[in-house]
Amino acid sequence: MRREINGIAYSIKNTMRSRRVLIAIDSGGQVTVSKSPRISIASIQRMIAEKFSWIQDKLREQASRPQKLLAQHSIEDFKENKENARVLVNARLLYFNAFYNCDIGRISIRNQKSRWGSCSSKGNLNFNYKIVFLPTELADYIIVHELCHLVEMNHSKRFWLLVSQIIPDYKERQNKIRLF
């Protein structure tokens, strides 16, 4: 449900694990407040009023930036590029899995707003179709990252060690991908 206070439209997301209130502004300028269900709407409204200047600054900042690739999505683009993404992902997974030798479950290509990839506990790998628009080095980073989750389902030191065996400059690539 969208709400508004002082001209700032926002939505509230109740999360049981939340210990504090978080205000997030996505690349499309949407303001979302994540909170515990115990925190009242009145408290949220007070917080937004207190953070009014900060929120406005962030909204102006977002509006001046070029829209990120992940934020852009249309059904037509997805339909046109889904199979190209599948071909790319399957080829690169085959290449990198020659090193890791993981059991891969289902591979899905999706139209996601905020993720480049994910891995399920069943060994299924999901990739955003927009991976085809990335430079090869960044697409490879995403594919290796998700492949390594088949071995380590976390972001522990052991996970990053696995990633670094193929992509030693993974930190640099991680920073670059945030620009997209």
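Return the only residue of Ala49, Ala91, Ala71, Ala98 being modelled with pLDDT of 85 or more, farther than 20 Å from Cys119 by Cα and out of contact with any strand residue (DSSP E or B) (no Cβ under 6 Å at 6 or more places or on another chain).
So the residue among Ala49, Ala91, Ala71, Ala98 that is modelled with pLDDT of 85 or more, farther than 20 Å from Cys119 by Cα and out of contact with any strand residue (DSSP E or B) (no Cβ under 6 Å at 6 or more places or on another chain) is Ala49.
Report every pair of residues separated by at least 6 positions or lying on different chains whose Cβ atoms are under 8 Å apart, first residue within segment 111-136 and within 13 Å of Phe180 (Cα to Cα), second in a strand (DSSP E or B).
Filtered contacts from segment 111-136: Arg115/Asn126; Arg115/Asn128; Trp116/Phe127; Trp116/Asn128; Asn128/Ile109; Asn128/Arg110; Asn128/Gly117; Ile131/Gly117.
From Asn6, Asn14, grab the single residue that is of a type outside the set (A, V, I, L, M) and on the phi > 0 side of the Ramachandran plot.
Going through Asn6, Asn14 in turn, just one is of a type outside the set (A, V, I, L, M) and on the phi > 0 side of the Ramachandran plot: Asn6.
Can you list residue pairs whose Cβ atoms sit under 7 Å apart, with the first residue in segment 42-64 being part of a helix (DSSP H, G or I) and the second being of a type in the set (S, T, N, Q) and surrounded by 12 or more Cβ atoms within 10 Å (Cβ to Cβ)? Count only pairs 6 or more apart in sequence or on different chains.
Matching pairs, first to second residue: Gln62/Ser27.
Please go through segment 11-46 and give me each residue that is among the hydroxyl-bearing types (Ser, Thr, Tyr) and over 30 Å from Gln112 (Cα atoms), ordered by number.
Ser40, Ser43
Does Lys79 qualify as being modelled with pLDDT under 95, buried (at least 18 other Cβ atoms within 10 Å of the Cβ), of a type in the set (Lys, Arg) and not assigned by TED's automatic domain parsing to the domain that holds Gln30?
Details: modelled with pLDDT under 95: yes; buried (at least 18 other Cβ atoms within 10 Å of the Cβ): no; of a type in the set (Lys, Arg): yes; not assigned by TED's automatic domain parsing to the domain that holds Gln30: yes.
When the stated conditions are applied, Lys79 does not pass them.
The values are calculated or read from the model by the stated rules, or taken from the named source; none is laboratory data. Computed from a predicted model, the values in this text were never measured in an experiment. Cβ atoms come from the backbone with ideal geometry, glycine included; neighbour counts cover every protein chain shown.
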